[in-house]
1. For the subset of region 79-93 comprising residues that are touching a residue at least 40 places away in the same chain (Cβ under 8 Å) and under 16 Å from the mean Cα position of the chain (by Cα), which member is surrounded by the most Cβ atoms within 10 Å (Cβ to Cβ)?
2. Looking at this structure, is Leu135 aliphatic (A, V, I, L, M), assigned to a helix (DSSP H, G or I) and touching a residue at least 24 places away in the same chain (Cβ under 8 Å)?
3. Output the residue which, of all residues in region 144-193 that are open to solvent by 70 Å² or more (accessible area, probe 1.4 Å) and at pLDDT 90 or above, is farthest from Pro205 (Cα to Cα).
4. Check Phe140, Phe160, Phe208, Phe198 and return the single one that is out of contact with any Lys or Arg (no Cβ under 6 Å at 6 or more places or on another chain) and over 21 Å from Asn86 (Cβ atoms).
5. Going by the conditions given, is Ala163 hydrophobic (A, V, I, L, M, F, W, C) and in contact (Cβ under 8 Å) with a residue 24 or more places away in the chain?
6. Within region 228-242, which residues are out of contact with any Gly (no Cβ under 9 Å at 6 or more places or on another chain) and more than 19 Å from Gly159 (Cβ to Cβ)?
Amino acid sequence: MSVVSLENPTYSQPNSLKNIFNPSSLVSIITNSSLIFKLFCLALLLGYLSTFKGDLDQLLCIVPGKLLPPNFHLWTLFTYSFVEYNFFELMVNCFLLLLFSKMLEPLWGRIECIQFYFITTISVGLSTTIIYYTLFVASFNEQMIFNVAIHGLGGILGGFTVATKQIMPDNVVLDLGFLRIKQDNLPILTILISALFFVVGLTKPTYFIMVIFGVFYSWIYLRFFQRHKNGTRGDSSSTFVFASFFPSQIQPFVAIISNTIFNLLIRLKICKPLPKRYNTAGGIIPLR
């Protein structure tokens, strides 16, 4: 049965995350990434070096209590993602940025990649700040807003997994016979690994929170707002619904909740209805 779809064309991407650690692939990632993201890596290095220079890093990280008046450190929404305190995390983040450029820039273009980066990081930074203000209101503990430094690329890590899920969901990242992981599984897997690292004390709670918000806000942007060259917005494909981020066993329950919230947002005119897909038999294929 043929389908006439109003959704965006499916992305085609020859690259996969499966073989990125081959020496030739690593060299290709470094050489084929764009100049702007190499400059982002330089900014990461400078942000790392700032952690050795007195309190300079505190002017670059988001400190929740200083983001709002009377301090009003709004510039930290743009700089916090370039600060890391650990050299290993610095190297991982540089590799993540170069891989981001290598895989997505040929599809989206340089401007869209930069826009995605800052939309995700700014949204994550603001939302993480709100979380700590909420904890402050609940506990009246000023350490929640003045002794916390929001920094790093946790939000972009979450966002990158969503982008790869969108463009090539069926590519296999790991196949051990008894365990088969596709790029479609990466967002929820990244959240679970971040949660595990937080529980065992390898990362701070801030990083876990940032990964969750990174997944969430990047999905919202790619699903509803990203502009395409054909004049359309978002990605209305059935493989990119919110429920698809969860195991198949609970997807129907997640779909009920997400559809209810989405229909409410439509009534409030915050979101627009997604286009319907029709097949030749005259039936409607639901998108959410």
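The values are calculated or read from the model by the stated rules, or taken from the named source; none is laboratory data. Remember, it's a predicted structure, so these values are computed and weren't measured experimentally. When we count neighbours, we look across all protein chains shown, and the Cβ atoms used for this are built from the backbone with ideal geometry, even at glycine. In case anyone asks, the SASA skips ligands and DNA or RNA and just uses the protein heavy atoms, side chains included. Shrake-Rupley method; radii C 1.70, N 1.55, O 1.52, S 1.80 Å.
1. Keep residues of region 79-93 that are touching a residue at least 40 places away in the same chain (Cβ under 8 Å), which gives 80-85, 89-90, 93.
Narrowing further to those that are under 16 Å from the mean Cα position of the chain (by Cα): 80-82, 93.
Working: Tyr80: 29, Ser81: 32, Phe82: 24, Asn93: 24.
In this case the residue turns out to be Ser81.
2. On the way: aliphatic (A, V, I, L, M): yes; assigned to a helix (DSSP H, G or I): yes; touching a residue at least 24 places away in the same chain (Cβ under 8 Å): no.
No: the conditions fail for Leu135.
3. Taking the candidates together, the pick is Phe146.
4. Phe140
5. Details: hydrophobic (A, V, I, L, M, F, W, C): yes; in contact (Cβ under 8 Å) with a residue 24 or more places away in the chain: yes.
Yes, satisfied.
6. Asn230, Gly231, Thr232, Ser236, Ser238 - these are the residues of region 228-242 that are out of contact with any Gly (no Cβ under 9 Å at 6 or more places or on another chain) and more than 19 Å from Gly159 (Cβ to Cβ).
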